[in-house]
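Single-structure report; data block below.
Rule-based calculations on the coordinates, nothing more; no lab input. Just so it is clear, the structure is predicted and the values come from calculations on it, not from any experiment. A quick note on method: Cβ atoms are made from the backbone with ideal geometry, for glycine too, and the neighbour counts reach across all protein chains shown.
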Amino acid sequence: PFDVLVVGGGPAGASAAIYAARKGIRTGIVAERFGGQVMDTLGIENFISVKETEGPKLVMALEEHVKSYDVEIINLQRAVSLTEPGKHGNKNEDLIELKLESGATLRSKSVILATGARWRELNVPGEKEYRGKGVAYCPHCDGPLFKGKPVAVVGGGNSGVEAAIDLANFVDHVTLLQFDTELKADAVLQKKLRSLHNVTIITSAQTTEVTGDGNKMNGLTYTDRVTGESKHLALDGVFVQIGLVPNSDWLKGTLNLSKYGEVEVNHHNATSLPGVFAAGDVTTTPYKQIIIAMGEGAKASLGAFDYLIRQ
Ligand code: FAD
């Protein structure tokens, strides 16, 4: 059995695995796709100490770093359930069981969950085609690329309104499109947003297409849900802010999740299950970023080590 079994091969999981292996304990890492969201990222400019890099390049460096330690990498395998010792058919007294989609079962004294999250997509024509060519999901990551340009934000919840306020500081103009008849963000954010001179709010707007010239996006089409009219906005970018979905479906009923499905963790990254820790985008820790996921992965690993030496 493993001492530490990490589930997820993104920045949080890679960091957790390295910290565990450096303690000389038996470490494994299971990943559906090593690299996680970073694999889908074009430019990265906020990974501190590296001025500029690309997702796949960073993933290669991550993999190389993990492989320089004695870590068993179980790639292209999806975890489907986790069972506490002595519960629900797990006959082990002190080992947590992790079942994989392939039918295999892995056993470990402690587990670190780092299965990340995914941005909810609009699912309209042009969105995939112009992803990274105008279509963006993370204002902290890609916002500065649109300095002085007209952009839209889709989504009128807290994250959409926060993104619009943030972007309004340096882009030319922000159009906020909300599907509902009104914004859902906290009143204080709405007040701030309405005080900005370069923001237009459009409610009852259903985005129907991202348009472009084949190389990059040049606008967005939406239907006015009141009149049924179709309208087009000329834009250089759009930030889709309609939700971040944690990859925690397989953990429902096993440990405590927030109302958004995030794994609840304390300051030591412990979950509600003894011996199970969690890190990165799948958790309740705010601000989903690479550098944060890595720091949290290190913390979860040290938390697991502390747990193990007390057993
Ligand atoms: P992820 O990167 O999501 O990794 C999750 C891992 O778990 C993957 O290996 C996945 O295959 C695996 N997994 C999931 N479910 C299972 C399962 N059931 N069984 C086994 N394995 C599983 N952040 C920045 O700091 N700067 C940027 O410039 C930036 N740009 C971004 C651009 C895009 C397009 C996207 C999508 C995100 C961007 N982010 C950026 C955010 C950043 O990528 C995430 O915050 C970070 O990757 C989170 O790391 P993580 O390890 O928690 O999760």
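Loop-located chymotrypsin sites (Phe, Trp or Tyr not before Pro) across the stretch 189-294 with a Cβ neighbour count of 12 or fewer within 10 Å are 260, 287, with loop assigned by DSSP.
Considering only 215, 307, 297, the residue lying farthest towards the positive end of the dipole of the chain is 307, judged by Cα position with unit charges set on Cβ. Summing charges over neighbours of residue 13, with a neighbour being any other residue whose Cβ is under 12 Å away from its Cβ, gives -3 when K and R count +1 and D and E count -1. Among 248, 195, sorting on how many other beta-carbon atoms sit within 10 Å of each Cβ, with the fewest leading, yields 195, 248. A cut-off under 15 angstrom between Cβ atoms defines the neighbours of residue 92, and their net charge, with Lys, Arg +1 and Asp, Glu -1, is 0.
Ignoring lysines fewer than eight residues from residue 231 along the same chain, the ones with Cα atoms less than 30 angstrom from its Cα are 128, 133, 147, 149, 184, 191, 192, 216. Among residues other than residue 263 with Cβ under 12 Å from its Cβ, the summed charge is -4 (Lys and Arg +1, Asp and Glu -1).
For the stretch 169-311, a simple Cβ point-charge model (Lys and Arg +1, Asp and Glu -1, everything else neutral) yields a dipole of about 340 debye relative to the Cα centre. Residues 310, 118, ranked from the fewest to the most other C-beta atoms within 10 Å, line up as 310, 118. Taking trypsin sites (Lys or Arg not before Pro) across the stretch 179-262, the ones in a DSSP loop with at most 12 further Cβ atoms lying within 10 angstrom of their Cβ are 252, 259. Computed from label points 7 Å out along Cα-Cβ, the spacing between residue 226 and residue 68 is 6.0 nm. Charge dipole (Cα centre; +1 on Lys/Arg Cβ, -1 on Asp/Glu Cβ; no other charges) of the chain amounts to roughly 380 debye.
Here the stretch 209-267 is treated with +1 on each Lys and Arg Cβ and -1 on each Asp and Glu Cβ, and its dipole about the Cα centre works out to around 120 debye. In a DSSP loop and with at most 16 other Cβ atoms within 10 Å, the GluC sites (Glu not before Pro) in the stretch 135-234 are 182, 229.
Length available on full extension from residue 57 to residue 140: 0.36 nm per residue minus the Cα-Cα distance, which gives 27.9 nm.
Ordered by the count of other Cβ atoms within 10 Å of each Cβ, fewest first, 174, 4 give 174, 4.
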